[in-house]
Structure formats: C-alpha cells, structure tokens
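Following: one structure in structure tokens, then a few remarks.
The values are calculated or read from the model by the stated rules, or taken from the named source; none is laboratory data. Note that the structure is a prediction, hence the values are computed from the model and not measured. Glycine also receives a Cβ, built like all others from the backbone with ideal geometry; neighbour counts cover every protein chain displayed. Just so you know, the surface numbers come from the protein's heavy atoms only, side chains and all, with ligands and any DNA or RNA stripped out. Shrake-Rupley method; radii C 1.70, N 1.55, O 1.52, S 1.80 Å.
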Amino acid sequence: MRGARWLLLVAMAIIVSAVGVQYRAQKKALKRQALPKPAVLPASVGLDAEQWSYTRYDKENHTVAVEIVAKDARQAKDATQTDLTGVRLKLHHQHQDTYDLVMSPAATYYSNDERLYSDGPVDIVLAIPNGEDSNPKLTTIHSSGVTYDTNTGKAQTDRPATFTFRNGHGKAVGASYDPNTHELRMYKDVEMDWYPPGPNAKPMKIEATSLYYQEAIEEVWLKPWGRLTRENTVVEGYESVVRLEDKSIRSVETTRAHGTDTYPNRKLQYAGDHIWADFNDDGVVDQIKAEGNAQLTSTSEATETTMTAAHVEMNFQSQNGQSVLTRVNASGNSMAKEAPLPAPGREPGETHVLRSESIEMIMQPGGKDIQVVKAPGAGNLEFVPNLPVQHHRAVTGKDFLIAYGAQNHLDTFHATDVSTSTDPSQEERKRNIGVTHTASRDLFARFQPNSSEVATIDQSGDFTYEQGLRHASAKKATFDNKANVMVLDGAARVSDDTGATTASQIHMDQRTGDFTAEGDVRSMRLPDKGQTKSGMLSGDEPMQAQAHKMLSSNRNKTVHYEGDVHLWQGANRIQAATVDVDRQKSTLVADGNVISDLWEQPKDKNDSGKTDGTGKNADADGSQKQNDSGNKGPAVPIRTLVKAPHLVYTDSDRLAIYTGGVVLDRLNTQVKAKELHAYLAEEGADSRLIKAIADGNVEIDQTVTDRTRVGKAEHCEYYTENQKVVLRGGAPEFVDSLKGNAHGVELTYFANDDRLLVNGSPEQPAKSRIKRR
C-alpha cells in the first residue's frame, strides 16, 4: 500500500511539472501576439468606445425589452449620461411579435432615468414585425429634439414633426407616442392626408388644433377643433372623434360642428351641436346625423332649401366617387324652407316654409333637386310672397306630401284635416278685400309647370270658405288660381250679409263674389237696408227663390234665374222660365209662362199693419168695404194672380207690364188681354194692386153668387179701390146676366154700388138692354 501511494504522488508531480512547462510556453506565445495597449483615457473621460450596445431585460417575462446600439459612445468620468452616434434603439412589445425602432445620427443616453434624447433629427418606426426591417407601410415619425423613455418606450418632442403611415402622411408641431397605450399625440397645428385603401378612394385631409391617435381602439381624436376635407366635402367641429376600421375612416363624431358638400350646380351645408358622419370603403360619406340645433341647406341653380330641427339625418349614395344626397329625415320641431334664387329674366315664385314635428325629404337622382317632401302628423305650410302680386298663404293640416318637378318647382301638394288662410295681395288690399279662410278633410293642389305657382286646389270633405262677410260650404271645392274661380260641388252653399244660395254646384269668382249656381238652386235675399216697402216682392221678409240655375253679380244685386223659377217673399210669388232681378235699377224681368201671385194683407194703421180682428169680410158680390177702424184696405187677404209669357217690373214707378197674352185673376174678377199694366200701391201697402190697364182683345169677367158680368173692349182700366171698370176701344160691350147688356164708346161699371155708365157718340150711340125680373 505504501508503495502504491508513492507511485501516485510521483505521477501527480510529473503532471504538474508538465502543465507548468506548457503554461509558460503558451504565455510567451500570447505575449508575442497581443495588441498594443490603448492609450490611457484622459482623466475627464470615463468611456470612449466603438460599437457600443445596451440591453435591458424584462425580468418578469425573461425577454429582451430594450436594445440600444451605437457606432460610438463617449461618457464623461463619473457622469450618468452617454453621448452616442449612429444610434438605433429597439423597444420590444411584450406579448407581441413587434418592436418600435428609433434612429438618430446622435443622441444622449441618460442611464439614471433610462432616457434617450436627441437634439438633432430622429426617425421613429412603429410596430415592426420581429425579424423584419422597416418598410414604407409602417408608421414613421420624423422630428428633432426627441426624448425617448427606454423604460416606458414613450417618445416625445415639442418641435415640428412629420409622419407617414400606410394610408397617409402629415405634420404637426410637437408629438409624442406611448407604445403601452398605443397613443400617438400631435400637440398643435396638425395637418394629415389620409388615403383610404378602396380602389376609388380619394384622400381625406385632417386638420386640427391637436390630434390623438388611439391605435389600439382605432380612433383619432381632434381637440379642441378639427376639420376633415375630402375633395368637395368638408366637416369641422370641436372634440371630434374619427373612428377607423383597417386603417380606413369609417365615421366622424364632432360637436358644435358644420360641414359643406360643394359640387357644380349644387351645394350642401349642414350644422349641429353634435354631428356624426359615416364613410364607405372609398371614403365617401354614407350618412350624416346632426343633433341639437341641426340645420341643412341645399342650394341648386334655382332654389335654396333649408331644413332645421332638433335632429337631422342625411343619407348619401356614392356616384362616380362623389357623395350624392338621397334622403333627409328631420325630427323635433322641424322646418323646411324652400326659397327661389334670383336669376336674370326669371320672376321668383313664393318662398315655401313647411313646419312639422318630423319632415322627410327625398331627392331627385343626382341629389341637387327635391323629389318629395313628407310631413306625417300635424304640420303647417306657408307660402311667402316675393312679388307684390303674390299672396301670402298658410295651410295647417296633417300628413303633408309635396311632390316636386324640375329645378325644385312644386308639382303637387296633398294634406288632410286642412285649414287655410290666404292674405290679399297689395292691390287687393286697396280694394278692401280681406283674408280668405278655408277648411276641409282633404286638400290636393297642383302647380303651374316650372313656376311653383298654384294652378288648382281641390278640397273635399266638409269644405268651408270665409272671406270677410262672404261664406261658402260644399262637399268638394276646386279653386282655379289663374281664373280666381272656385267651384263648389255637392250641397254647395254661398252666403254673405245680403243672403244665401244653395245648389248642387256653384262657380264663384273670388275677385268679385259673382257666382253661378246650378242644380236645385235655392236662394234667400235679405231686404236691403233703407229699401222702401213698395215693389212686386219687397217687404220686411227675405226674398227667396228656387230654380235650375242662378247667376249672381254685383254682390247679389243683379241676379238671373232660369229653369222653373220660383220667387217668393212671404205670400207673394213669381213663377217663370227665367227671371232677372236688378236691384240697382230696381227692375224685375220674367220670361216664359210667367205667373205672379200677389196677396194684399189686412191692414190697420193703428197697429203697424197688423189686423186687429175687427175687419169685416168683403160683400158677397166681391165689393171691398172699410174695416171697423175706418181704414181702407182688405178685411181678409186678397189674391191677385197674373199669367203671361213676359213680365217687366220697374220699381221706380211701381209698374208691372205683362205682355204676350195676359190673364189676371183677382177676387171674383178675371181680365184677359194681350197686354196688361199693373200699378202697385205706394209704400206700406204690401204690394196692393191700385189699378190694372189692359189692351188688346180685352175681356173682363166677374162672377158672384147669382150673376155674371162680362165686359169686352180693346182697352180696359180696372181700379181696385172702388172696383171700377172702364172699357173703351173697338166696340165696348158689357153683359150682366141679371140686368142685361150695354154697348157704347165707353162703358164704366162700379161693382161696389152696382152702377153702369154708358157713353156714346154720334157715330156709335149708346145702347142698353135691361132684363125685367
């Protein structure tokens, strides 16, 4: 055992000796090959090196967090900052396979707060995939005076900065980027050009006081002010939010906002307390919503249309890369105003103002002109004149529907449960024409082509009309604006302070009040104030009439009736085929089977024309006696019935002329002749007949209980007060069935006292023949 240990010790000694020899040999060789020692650093320099690098690890994830490399590094002795040149910094994103790259020709690294600062130019590339280098599609920021926090990865500068990204480029004064929140901030004077990826997309320019790009949620915030411009479309406001989808702008939300959309021959302007705009893949506006004091103004070559409401929603359609307005919905105290624009050689129409809780406007193809405007529910449409000859009109109703033709000219208008008012024009006010009011369950208006001037208005369902003292009603009414004529259909009625007329149909001239009534015409005319009580149909009671047709003019002072005409006032009546009444000339003309039926009422002057019940009846022979009060006049009503083809009555001399073959019946007396002149009593006599003068084949018959009297002559005078009959002309003859007959030049008979006077001449001596009982 001892021998073995000794051998082991000897072997170990030999090995150690061999290693020592080999070590000394290698040391000599290395000494010969070693580079010269660098010069000793100055006392003020702590580090001066090439290909400097710095790496910081994420202790939690055991991964590289920050890498900094530089071509050169220099550090003052005992200093915490290192000056670097040719700097490249990589900030790795945890849980992502990307990193941010910061590049600068020169920078200073502050180790105490792990901050890199470059006073010169700096380029920052965001979100580079691991294993790849920078490419133009990535977001790149170029600036100077940049501070980069290697601990948080946040980069910041207050100097001008430019930036590029996959869909655009921009600039600002001052910028920062935080990779932890993925927020890119541009402090002021921001300008950005954004290029949507769509094949037909056009660039969007973004301007703002400051901008925040929230990459993680794909939102861009413009604070406090911002503006977006795409070709001819501009939206600007405050506290704006731009929402992205796959780097494309999808919507914009902004407050205290307004915008414009301007193209040749059309311009769109909108505003609101709050505006939302949605865009399609090409960056073209799909929809715009305005909330709070919302306003939209659409201007075409001929008109300017303005809508205001609490909420306005505009829908667009993309046509050839342009946003074309297709539909507008307004709600909440909505108003739509369409005003004509001045143009050489073109007179402006009225301005139209529609008010309703909600209004829908549908545009013509092309978006510059209106096709339809709808206002469900209650509304008001106002026509505001722009010329002295135009009328101010207002329509209140429900469910408004307005259709437009070319160049925003009104085509048709419909509403229900309608009431209207039309103010007189300037010229009409000089003629004291008042406001016109109408009402109906339904209204449909047509307008003149290419003018927006009302052509016709149809109103149906309980139609009513009022203009000053003039009133009308019907089942349906049609108004012709050019002719200023209103046609009333079905249970038609017109009235004023002078009377009223009803008919199946009435045509009325609204300028003059003249009208034509047809079909079952019935009219009532009040007595004229201050009118004397003489006349064929005059008196305290209204004059009434019925006919197939009636024409009224001059405020119902001139009236023509035709077709089975009946006129009556109290008990007095006239029938004829036609009747013309002229109250200015105080004449009445009747033609065709004329029948005048007049009554003399009992009279007592002591009680203002009312009978006191004490008057005596007429004698059996028809004679007329005084009543007990001593006043002359009939004790009972007396009827005077005259039939003739033609009648002319003149109130100035109270003369009624009957022609064409006349028959007069009064009490028990009948007068036949070719022509008869009837003279009516003075005022207060209630159309009492004073006398009747008949000419041409006159025959007068009187019939009493026990006798008849017949007189014949060419001329006859009949006096009602004393029942006097005078016959002359031709060969007068008087035959009394009880007393005989008489012939002479003139025969006078007094029915009251049964006397007969016979006058002859040498050529024609009087003859009489008396019957003996």
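Keeping to segment 526-546, report how many residues are modelled with pLDDT of 80 or more and open to solvent by less than 10 Å² (accessible area, probe 1.4 Å).
The total comes to 1.
Let's see how each residue does on (1) at pLDDT 85 or above; (2) of a type outside the set (S, T, N, Q):
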residue	(1), (2)
Thr108	yes, no
Val125	yes, yes
Thr140	yes, no
Arg159	yes, yes
Thr162	yes, no
Gly170	yes, yes
Glu183	yes, yes
Pro199	no, yes
Lys205	yes, yes
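Can you confirm whether segment 246-255 contains a residue that is open to solvent by 30 Å² or more (accessible area, probe 1.4 Å) and farther than 25 Å from His311 by Cβ? Steps first, answer last, please.
The first filter runs over segment 246-255 and keeps only residues open to solvent by 30 Å² or more (accessible area, probe 1.4 Å), leaving 246-247, 250, 253, 255.
Those still in the list that are farther than 25 Å from His311 by Cβ too: 246-247.
For segment 246-255, residues open to solvent by 30 Å² or more (accessible area, probe 1.4 Å) and farther than 25 Å from His311 by Cβ: present.
Report yes if some residue within segment 126-140 is of a type in the set (Ser, Thr, Tyr) and either in contact with a Cys (Cβ under 8 Å, 6 or more places away or on another chain) or assigned to a strand (DSSP E or B) (or both); otherwise report no. Give the steps one after another, and end with the answer.
At the first step, the residues of segment 126-140 found to be of a type in the set (Ser, Thr, Tyr) are 134, 139-140.
Filter once more, so that each one left must be either in contact with a Cys (Cβ under 8 Å, 6 or more places away or on another chain) or assigned to a strand (DSSP E or B) (or both): 140.
There is at least one residue in segment 126-140 that is of a type in the set (Ser, Thr, Tyr) and either in contact with a Cys (Cβ under 8 Å, 6 or more places away or on another chain) or assigned to a strand (DSSP E or B) (or both).
For residues in segment 447-467 being open to solvent by 40 Å² or more (accessible area, probe 1.4 Å) and not in a strand (DSSP E or B), which is modelled with the highest pLDDT?
Out of the qualifying residues, it is Gln448.
Could you grab me the full set of residues in segment 422-446 that are open to solvent by less than 50 Å² (accessible area, probe 1.4 Å), within 20 Å of Asn484 (Cβ to Cβ) and in a strand (DSSP E or B)? Give the steps one after another, and end with the answer.
Filtering segment 422-446 down to residues open to solvent by less than 50 Å² (accessible area, probe 1.4 Å) leaves 422-425, 428, 433-434, 436, 438-440, 442-443, 445.
Imposing the further condition that a residue be within 20 Å of Asn484 (Cβ to Cβ) reduces the set to 422-425, 428, 433-434, 436, 438-440, 443, 445.
Across segment 422-446, the qualifying residues are Thr422, Thr436, Thr438, Ala439, Ser440, Leu443, Ala445.
Kindly indicate the residue of segment 192-207 that is open to solvent by 70 Å² or more (accessible area, probe 1.4 Å) and touching an Asp or Glu at 6+ places or on another chain (Cβ under 6 Å) and also nearest to Val235 (Cα to Cα) among those meeting that condition. Explain how you work it out, then say what you get.
Residues of segment 192-207 that are open to solvent by 70 Å² or more (accessible area, probe 1.4 Å), as a first pass: 195, 197, 199-200, 205.
Subset that is touching an Asp or Glu at 6+ places or on another chain (Cβ under 6 Å): 200, 205.
Values: Asn200: 20, Lys205: 10 Å.
Filtering segment 192-207 for residues that are open to solvent by 70 Å² or more (accessible area, probe 1.4 Å) and touching an Asp or Glu at 6+ places or on another chain (Cβ under 6 Å), the one nearest to Val235 (Cα to Cα) comes out as Lys205.
Of all the residues that make up segment 699-715, how many are of a type in the set (Ser, Thr, Tyr), over 14 Å from Arg666 (Cβ atoms) and in contact with a strand residue (DSSP E or B) (Cβ under 9 Å, 6 or more places away or on another chain)?
Taking segment 699-715 and keeping what is of a type in the set (Ser, Thr, Tyr), we get 703, 705, 708.
From what is left, the residues that are over 14 Å from Arg666 (Cβ atoms) are 705, 708.
From the residues that got through so far, the ones that are in contact with a strand residue (DSSP E or B) (Cβ under 9 Å, 6 or more places away or on another chain) too are 708.
So the answer is 1.
Any residue at all in segment 696-714 that is closer than 23 Å to Leu588 by Cβ and modelled with pLDDT of 90 or more? Step through it out loud before you land on a result.
Quick first cut of segment 696-714, residues closer than 23 Å to Leu588 by Cβ only: 696.
Subsequent filtering for residues that are modelled with pLDDT of 90 or more retains 696.
Yes, the conditions are met somewhere in segment 696-714.
In segment 141-169, what residues are within 24 Å of Asn112 (Cα to Cα), out of contact with any Leu (no Cβ under 8 Å at 6 or more places or on another chain) and not in a strand (DSSP E or B)?
Once the filter is applied, which keeps residues that are within 24 Å of Asn112 (Cα to Cα), out of contact with any Leu (no Cβ under 8 Å at 6 or more places or on another chain) and not in a strand (DSSP E or B), segment 141-169 yields Asn151, Thr152, Lys154.
Does Ser419 satisfy being among the hydroxyl-bearing types (Ser, Thr, Tyr), at pLDDT below 90 and surrounded by fewer than 21 Cβ atoms within 10 Å (Cβ to Cβ)?
When the stated conditions are applied, Ser419 does not pass them.
Hey, among Pro340, Pro365, Pro348, Pro344, which residue is surrounded by fewer than 22 Cβ atoms within 10 Å (Cβ to Cβ), modelled with pLDDT under 90, closer than 16 Å to Met307 by Cα and not β-branched (Val, Ile, Thr)? I'd like the intermediate steps shown before the answer.
Details: Pro365 fails: closer than 16 Å to Met307 by Cα; Pro348 fails: closer than 16 Å to Met307 by Cα; Pro344 fails: closer than 16 Å to Met307 by Cα.
Exactly one residue qualifies, and that residue is Pro340.
Report, by residue number, each residue of segment 83-121 that is open to solvent by 50 Å² or more (accessible area, probe 1.4 Å) and not in a strand (DSSP E or B).
Matches in segment 83-121: Gln94, His95, Gln96, Asp97, Ser111, Asn112, Asp113.
This table checks each residue for (1) of a type in the set (Gly, Ala, Ser); (2) over 20 Å from Tyr195 (Cβ atoms); (3) touching a residue at least 60 places away in the same chain (Cβ under 8 Å).
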site	(1), (2), (3)
Ile217	no, yes, no
Val220	no, no, no
Pro224	no, yes, no
Val235	no, no, no
Arg243	no, no, no
Asp246	no, no, no
Ser251	yes, no, no
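So is Pro542 closer than 30 Å to Arg429 by Cα and either aliphatic (A, V, I, L, M) or out of contact with any Ser or Thr (no Cβ under 6 Å at 6 or more places or on another chain) (or both) or not?
Values: closer than 30 Å to Arg429 by Cα: no; either aliphatic (A, V, I, L, M) or out of contact with any Ser or Thr (no Cβ under 6 Å at 6 or more places or on another chain) (or both): yes.
Taking the combined requirement at face value, the residue does not satisfy it.
Within segment 474-502, can you find the residues that are open to solvent by 30 Å² or more (accessible area, probe 1.4 Å), in a strand (DSSP E or B) and either basic (Lys, Arg) or within 23 Å of Asn432 (Cα to Cα) (or both)?
Once the filter is applied, which keeps residues that are open to solvent by 30 Å² or more (accessible area, probe 1.4 Å), in a strand (DSSP E or B) and either basic (Lys, Arg) or within 23 Å of Asn432 (Cα to Cα) (or both), segment 474-502 yields Lys475, Lys476, Asp480, Val485, Arg493, Asp496.
Out of everything in segment 300-337 that is in contact (Cβ under 8 Å) with a residue 40 or more places away in the chain, within 19 Å of Gln287 (Cα to Cα) and aliphatic (A, V, I, L, M), what residue ends up being surrounded by the fewest Cβ atoms within 10 Å (Cβ to Cβ)?
Filtering segment 300-337 for residues that are in contact (Cβ under 8 Å) with a residue 40 or more places away in the chain, within 19 Å of Gln287 (Cα to Cα) and aliphatic (A, V, I, L, M), the one surrounded by the fewest Cβ atoms within 10 Å (Cβ to Cβ) comes out as Val324.
Go through segment 436-454 and count every residue that is farther than 18 Å from Leu341 by Cα and within 16 Å of the chain's Cα centre (by Cα).
Residues in segment 436-454 being farther than 18 Å from Leu341 by Cα and within 16 Å of the chain's Cα centre (by Cα): 7 in total.
Please find, within segment 275-299, the residue that is farthest from the chain's Cα centre (by Cα) out of those that are open to solvent by less than 10 Å² (accessible area, probe 1.4 Å) and more than 13 Å from Gly259 (Cα to Cα).
Here the residue is Gly283.
Evaluate the following for Val66: is it among the β-branched types (Val, Ile, Thr) and either touching a Leu at 6+ places or on another chain (Cβ under 8 Å) or farther than 30 Å from Asn167 by Cβ (or both)?
On the way: among the β-branched types (Val, Ile, Thr): yes; either touching a Leu at 6+ places or on another chain (Cβ under 8 Å) or farther than 30 Å from Asn167 by Cβ (or both): yes.
Here the answer is yes, as Val66 does meet what is asked.
Restricting to segment 241-274, and then to whatever is within 28 Å of the chain's Cα centre (by Cα) and among the small types (Gly, Ala, Ser), can you tell me which residue is nearest to His169 (Cα to Cα)?
Step by step, filter segment 241-274, then rank; the result is Gly259.
Spot the failing condition for Val389; the list is (1) under 30 Å from Gln322 (Cα atoms); (2) open to solvent by 50 Å² or more (accessible area, probe 1.4 Å); (3) more than 13 Å from the chain's Cα centre (by Cα), and only one is missed.
Among (1) under 30 Å from Gln322 (Cα atoms); (2) open to solvent by 50 Å² or more (accessible area, probe 1.4 Å); (3) more than 13 Å from the chain's Cα centre (by Cα), the lone unmet condition for Val389 is (1).
Considering only segment 741-752, state which residues are closer than 20 Å to Asn668 by Cβ and not hydrophobic (A, V, I, L, M, F, W, C).
Asn741, Thr748, Tyr749, Asn752
If you check Ala271, Ala216, Ala208, which single one turns out to be in contact with a His (Cβ under 6 Å, 6 or more places away or on another chain) and more than 18 Å from Met335 (Cα to Cα)? Talk me through it step by step, then tell me what you get.
Details: Ala271 fails: more than 18 Å from Met335 (Cα to Cα); Ala208 fails: in contact with a His (Cβ under 6 Å, 6 or more places away or on another chain).
The conditions single out Ala216.
Can you pull out every residue in segment 170-188 that is surrounded by fewer than 17 Cβ atoms within 10 Å (Cβ to Cβ) and either touching a His at 6+ places or on another chain (Cβ under 8 Å) or part of a strand (DSSP E or B) (or both)?
Initially, segment 170-188 is screened for residues surrounded by fewer than 17 Cβ atoms within 10 Å (Cβ to Cβ), giving 173, 178, 180-182, 188.
Matches in segment 170-188: Val173, Asp178, Lys188.
If you scan segment 338-388, which residues turn out to be in contact (Cβ under 8 Å) with a residue 24 or more places away in the chain and on the phi > 0 side of the Ramachandran plot?
The answer is Gly366, Gly367.
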